[in-house]
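Chemist: This is the structure, below, for whatever I ask next.
The values are calculated or read from the model by the stated rules, or taken from the named source; none is laboratory data. These figures come from a predicted structure and were not determined experimentally. All Cβ positions, glycine included, derive from the backbone under ideal geometry; neighbour counts span all protein chains shown.
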Amino acid sequence: MKCAVVLFDLDGTLANTAPDLALALEALRAPGSPPLDRDRIRRATAVGTRALLWEGLAIASGAEGYEAARGAFLAHYDRLIGQATELNPGIAAVLDTLDDHGLPWGVVTNKPERLAQRVLAALDLQNRARCLVGGDTAARAKPYPDPLLHACALLGVAPARCIYVGDDQGDIDAARAAGMPALAVAFGYAPPDEAAGFGADGLLATPADLLPWVL
């Protein structure tokens, strides 16, 4: 059956958002702290705020002070969105091609919806994505299927006619649970050899490799 909609993860898949997140972490670190390991921050970005706070501030989810740190981190990130975030190389051309062929695409991310809206606006995609589902939009975030099923409901399309593109194991697990084909990317925040082991239907070495799957 022909693909009707392409759904993308945001962080690491559509865009490199890690630099802005690193800036937000830096704002909370004590003066004189050693520089953040940017490669580790990139990998933590795929997992979400919990992993970023552990990597950048050594604060574990559930620990005393975690919620306060989370709130401060998100406030700094809100202020800094768009400073250094960019589309991944090759993504712009792929989105242009999807638009040219009339193939709708949307975004399903674990980033809070309001912040994801700001990222799309910074990338000038807010009026092109047919839907945006954040980590707080549905009852449960990925790796549960709820966000992907919510996107399908918004677009009026069956999950089997969508395809989800992501860079984390949770992306592929969510798609599997939703009954949706899934592709992993080798250019995201997970190393290519790790992405190859996610159990996706295919591995995209470059964004352009998506096109034969959907057109």
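Chemist: Name every residue in the stretch 11-29 that is touching a Gly at 6+ places or on another chain (Cβ under 9 Å) and over 27 Å from TRP105 (Cβ atoms), in order of residue number.
Modeler: ALA22, ALA24, LEU25, GLU26, LEU28, ARG29, listed by residue number.
Chemist: From the list PRO143, PRO159, pick out the single residue that is assigned by TED's automatic domain parsing to the domain that holds LEU183, under 28 Å from ALA196 (Cβ atoms) and free of Cβ contacts under 8 Å to residues at least 24 places away in the same chain.
Modeler: Working: PRO143 fails: free of Cβ contacts under 8 Å to residues at least 24 places away in the same chain.
So the residue among PRO143, PRO159 that is assigned by TED's automatic domain parsing to the domain that holds LEU183, under 28 Å from ALA196 (Cβ atoms) and free of Cβ contacts under 8 Å to residues at least 24 places away in the same chain is PRO159.
Chemist: Counting only residues that are of a type in the set (Ser, Thr, Tyr) and crowded, with 21+ Cβ neighbours inside 10 Å, give me the strands (runs of 3 or more DSSP E) lying completely in the stretch 144-215 with at least 1 of them.
Modeler: Working: elements: 162-166, 182-185, 202-204.
Those strands (runs of 3 or more DSSP E) span 162-166.
Chemist: Can I ask one more? Return yes when LYS111 is at pLDDT below 95, under 18 Å from ARG50 (Cβ atoms), in a loop (DSSP other than H, G, I, E, B) and under 12 Å from the mean Cα position of the chain (by Cα) and no when it is not.
Modeler: On the way: at pLDDT below 95: yes; under 18 Å from ARG50 (Cβ atoms): yes; in a loop (DSSP other than H, G, I, E, B): yes; under 12 Å from the mean Cα position of the chain (by Cα): yes.
It is true that LYS111 is at pLDDT below 95, under 18 Å from ARG50 (Cβ atoms), in a loop (DSSP other than H, G, I, E, B) and under 12 Å from the mean Cα position of the chain (by Cα).
Chemist: Being under 30 Å from TYR164 (Cα atoms) and part of a loop (DSSP other than H, G, I, E, B) is the requirement here; does THR13 meet it? Break it down stepwise before answering.
Modeler: Numbers: under 30 Å from TYR164 (Cα atoms): yes; part of a loop (DSSP other than H, G, I, E, B): yes.
So THR13 passes the test.
Chemist: Which condition does SER61 not pass, out of (1) under 30 Å from ALA4 (Cα atoms); (2) among the hydroxyl-bearing types (Ser, Thr, Tyr); (3) not assigned by TED's automatic domain parsing to the domain that holds TYR189, if it passes all the others?
Modeler: If we test SER61 against (1) under 30 Å from ALA4 (Cα atoms); (2) among the hydroxyl-bearing types (Ser, Thr, Tyr); (3) not assigned by TED's automatic domain parsing to the domain that holds TYR189, just (1) comes out false.
Chemist: For the stretch 52-90, how many residues meet the condition of being without any contact (Cβ under 8 Å) to a residue 60 or more places away in the chain, surrounded by fewer than 16 Cβ atoms within 10 Å (Cβ to Cβ) and part of a loop (DSSP other than H, G, I, E, B)?
Modeler: Going through the stretch 52-90 one residue at a time, the tally reaches 7.
Chemist: Also, quick follow-up: Among the residues of the stretch 16-51 satisfying the criterion of being closer than 22 Å to PRO145 by Cα and not basic (Lys, Arg), which is surrounded by the most Cβ atoms within 10 Å (Cβ to Cβ)?
Modeler: THR45
Chemist: Would the stretch 114-124 turn up any residue that is surrounded by fewer than 17 Cβ atoms within 10 Å (Cβ to Cβ), out of contact with any helix residue (DSSP H, G or I) (no Cβ under 6 Å at 6 or more places or on another chain) and part of a helix (DSSP H, G or I)? Don't jump to the end; show me each part of the working.
Modeler: In the first step, residues of the stretch 114-124 are kept if they are surrounded by fewer than 17 Cβ atoms within 10 Å (Cβ to Cβ); the result is 114, 121, 124.
From what's left, out of contact with any helix residue (DSSP H, G or I) (no Cβ under 6 Å at 6 or more places or on another chain): 114, 121, 124.
Filter once more, so that each one left must be part of a helix (DSSP H, G or I): 114, 121.
Yes, because at least one residue in the stretch 114-124 is surrounded by fewer than 17 Cβ atoms within 10 Å (Cβ to Cβ), out of contact with any helix residue (DSSP H, G or I) (no Cβ under 6 Å at 6 or more places or on another chain) and part of a helix (DSSP H, G or I).
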